[in-house]
Amino acid sequence: MVRTVNKLTGEIYEYKSDTPEEIMETWLILSETIKALTDAKDKLKPLVEKIVDPSGTYAHENYMFRVSHIQRFNYDKSIMRDVFDQDLYETFLKPDKTLIDKYLKENVEDLGEISTVLRKGMMEEGKPYKVIKLERLS
């Protein structure tokens, strides 16, 4: 039995997990419940934006909404090229795997062995992780 508690409401959720079939059924139920709850939360987002004050906040009892607008920044390669020597500049550049994969796919005939050499020389990046999905079979 899998048991969990909603700390805000005190609701207790219990799901059967004694057999492989129960595990699969519980996984499916939870996946669909998460999707439905995420959808409901997404529908609240425009309403939250309407209730916050000009500073982007709305407080009630012990909770507060804060709407923050985030703009990510990165360095301009042309400026980096001007201020760093070539070797240092190249150590800061990270290949865009998605863009390179697309280029290799579109130009595989012209590149010949180059694509094989690049793929054989690929390096691990980040920490490995595990993804568990329940997939529908057709």
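No value in this document is a laboratory result; all are computed from the given coordinates. What you are looking at is a predicted structure, and each value in this text was computed from that prediction instead of being measured. Here the Cβ positions follow ideal geometry from the backbone for every residue, glycine too, while neighbour counts run over all protein chains shown.
In whole Hz and in residue order, list the ³J(HN,Hα) couplings for the range 13-23 that follow from phi through the Karplus curve 6.51 cos²θ - 1.76 cosθ + 1.60, θ = phi - 60°; x for Gly and Pro.
Calculated HN-Hα couplings, in order: 10, 10, 9, 5, 8, 8, 10, x, 5, 5, 4 Hz.
Quick one: grab the alpha carbon gyration tensor of the chain, order the square roots of its eigenvalues as a ≥ b ≥ c, and give me rounded if a/c is under 1.5, else prolate or oblate depending on whether a/b is larger than b/c. Write down the numbers at each step before the final one.
Details: a/c = 2.93, a/b = 1.40, b/c = 2.09.
Because a/c hits 1.5 or more and a/b fails to exceed b/c, the chain counts as oblate.
Whole-Hz Karplus ³J(HN,Hα) for the range 95-103, in order, using 6.51 cos²θ - 1.76 cosθ + 1.60 and θ = phi - 60°, x for Gly and Pro?
So the Karplus estimates, Gly and Pro as x, are x, 8, 4, 4, 5, 5, 4, 5, 4 Hz.
With the chain treated as a Gaussian network of Cα nodes joined by springs under 10 Å, which of 38, 91, 19 yields the largest mean-square fluctuation?
Ranking 38, 91, 19 by mean-square fluctuation puts 91 first.
What FRET efficiency comes out for residue 51 versus residue 11 if R0 is 22 angstrom and r is the Cβ-Cβ distance? Round to the nearest 0.05.
0.25
Can you return the lysines within cross-link range of residue 133? Criterion is Cα-Cα under 25 Å, with same-chain partners fewer than 8 residues away left out.
Once the sequence-local lysines are set aside, what remains near residue 133 is 16, 35, 41, 97.
Determine how many Å³ per residue the convex hull of the Cα atoms of the range 81-138 encloses.
Values: hull volume 11.0 nm³, N = 58.
In the range 81-138, the Cα hull volume divided by residue count equals 189 Å³.
Can you give the FRET efficiency to the nearest 0.05 for residue 19 and residue 125, using r as the Cβ-Cβ distance and R₀ = 30 Å?
0.20
What full-extension length gain, to one decimal in nm, is calculated for residue 81 and residue 105 as 0.36 nm per residue of separation minus the Cα-Cα distance? Walk me through the intermediate numbers first.
Numbers: separation 24, 0.36 × 24 = 8.64 nm, distance 2.90 nm.
That works out to 5.7 nm of additional length.
Under 24 Å Cα-Cα from residue 94, which lysines qualify once same-chain neighbours fewer than 8 residues away are excluded?
Cα-Cα hits under 24 Å: 77, 102, 105, 120, 127.
Could you work out the longest stretch of the chain that avoids the trypsin sites (Lys or Arg not before Pro) located in DSSP loops with at most 13 other Cβ atoms within 10 Å? Mind dumping the intermediate values first?
Details: sites that count: 7, 16, 72, 130, 133, 136.
Counting at most 13 other Cβ atoms within 10 Å as exposed, the longest clean stretch of the chain is 73-129.
The range 2-66: D in µm²/s via Stokes-Einstein (Kirkwood Rh, Cα pairs, 25 °C, 0.890 mPa s)?
Answer, rounded: 167 µm²/s.
Dipole size in debye (nearest 20) for the range 2-66 around its Cα centre, Lys and Arg Cβ +1, Asp and Glu Cβ -1?
380 debye
Name the chymotrypsin sites (Phe, Trp or Tyr not before Pro) in the range 36-138 that are in a loop by DSSP and that have at most 13 other C-beta atoms within 10 Å, would you?
73, 75, 84, 92, 129
Starting from the Cα gyration tensor of the range 42-81, multiply each eigenvalue by 5, take the square root, and state the resulting semi-axes largest first in whole Å.
34, 12, 8
Could you work out, for the range 31-97, what percent of all Cα-Cα pairs fall into each 5 Å distance bin, beginning at 0 Å and stopping at the bin that holds the largest distance?
3, 12, 13, 12, 10, 8, 8, 10, 12, 10, 3, 0
Using a Gaussian network model of the chain with C-alpha springs under 10 Å, which one of 99, 28, 44 is most mobile by mean-square fluctuation?
Top of the fluctuation ranking is 99.
To the nearest 0.05, what FRET efficiency results for residue 138 and residue 42 with a Förster distance of 35 Å applied to their C-beta separation?
On the way: r = 28 Å, r/R0 = 0.81.
Efficiency computed from Cβ-Cβ geometry: 0.80.
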